[in-house]
Amino acid sequence: MTDVAPIAHGSKGPAVRDVQARLRSLGYGLGDEAGQAVFGPLTAQAVAAFRASARLGPGSEVDRDTWTALVDATFILGDRILYLRMPHFHGHDVHTLQTALATLGFSCVADGIFGVGTEGALREFQHNAGLGADGIAGDSTFSAIQRLRYAWEGKEGPVPPSPREAR
C-alpha cells in the first residue's frame, strides 16, 4: 500500500472486502456491510475501533500503518513459516509462538517480533522436542507446539524479573 490512497468511507472493491474479512475475523461487527465490499459507516466504526486498540491514533481510514497492523493481527500460528530475517517477522502468530515457548519454560519475550531471542528459544524447544534445531518454525515445529497446546494455551509464561529483582 505504498503510495496508494487510503481505503476509506465510500471505497469499494476487493480491498474493502479483504479489510472487512480481517475485521470480522478479529470480532468486529459489520452488520449488513459484512462482505459487501463497500466501505460504509459500520466498516468505518470497526476500523476506528481497531485503530484505537492498535494504538494507531484516531481515524476511520485504512492507511499503510493500519493495513500492516490489520494483517499482522490476523496471522494465526501456522499461516506462514517463521524464521529470523530482516526485517523481522511480526504479528499475532509470532506472539502466539512466543507465548507458547515462554509458557513451556523457554526464555522468550512475547513481544510479537521474531528476533534473536525468539530464534534461540525456538531452537531450544526444537532440540527438546527431538526436532532439527534449525530455528525455523515450520510444519513439524507447529505440530509439536499444537500437541502441547493443552500445556500453554490460555496461560502466560513466566514474567521476566524487573531490573531491580535481577540484581
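Values quoted throughout were computed directly from the atomic coordinates according to the rules given, and no laboratory measurement underlies them. Only a predicted model underlies this, so the values are computations on that prediction, with no experimental measurement involved. Heads up, the Cβs are rebuilt from the backbone with ideal geometry, glycines too, and the neighbour counts pull from every protein chain shown.
Percent relative contact order of the chain, based on C-alpha pairs within less than 8 angstrom and at least six residues apart?
16 percent.
Can you give me the P(r) profile for the stretch 92-152? Cα pairs, bins 5 angstrom wide beginning at 0, each as a whole percent.
4, 22, 35, 29, 9, 0
Taking one equal scatterer on every alpha-carbon of the chain, how large is log10 of I(q)/I(0) by Debye at q = 0.10 1/Å?
-0.47
If you take the beta carbon distance between Leu148 and Asp79 as r and set R0 to 25 Å, what does 1/(1 + (r/R0)^6) give as a FRET efficiency, to the nearest 0.05?
Taking R0 as 25 Å, the efficiency between Leu148 and Asp79 is 0.85.
Which length gain, in nm to one decimal place, applies between Ile113 and His88 when the Cα-Cα distance is subtracted from 0.36 nm times their residue separation?
Roughly 8.4 nm would be gained on extension.
Nearest 500 deg cm²/dmol is fine: what mean residue ellipticity at 222 nm does the chain get from its DSSP H runs of n ≥ 4 alone, each adding -39,500 (n - 2.57), divided by its residue count?
When only DSSP H runs of four or more count, the value is -13500 deg cm²/dmol.
Using a simple spin-label model with points 7 Å from Cα along the Cα→Cβ vector, what separation in nm is obtained for Ala8 and His127?
Label-label distance for Ala8 and His127, simple model: 5.3 nm.
Taking 0.36 nm per residue of sequence separation and subtracting the Cα-Cα distance, how much length would be gained by fully extending the chain between Ser140 and Ser25, in nm to one decimal?
Numbers: separation 115, 0.36 × 115 = 41.40 nm, distance 2.60 nm.
Here the answer is 38.8 nm.
Using 0.36 nm per residue, how much length does the chain from Ala15 to Ala48 gain when fully extended, once their Cα-Cα distance is taken away? If you can, show how the numbers build up before the last one.
Numbers: separation 33, 0.36 × 33 = 11.88 nm, distance 1.70 nm.
Length gained between Ala15 and Ala48: 10.2 nm.
Using Cα atoms only, what is the angle between the long axis of helix 64-74 and the major principal axis of the chain, expressed in degrees (0 to 90) to the nearest 10?
Compared with the principal axis, the helix lies near 50 degrees.
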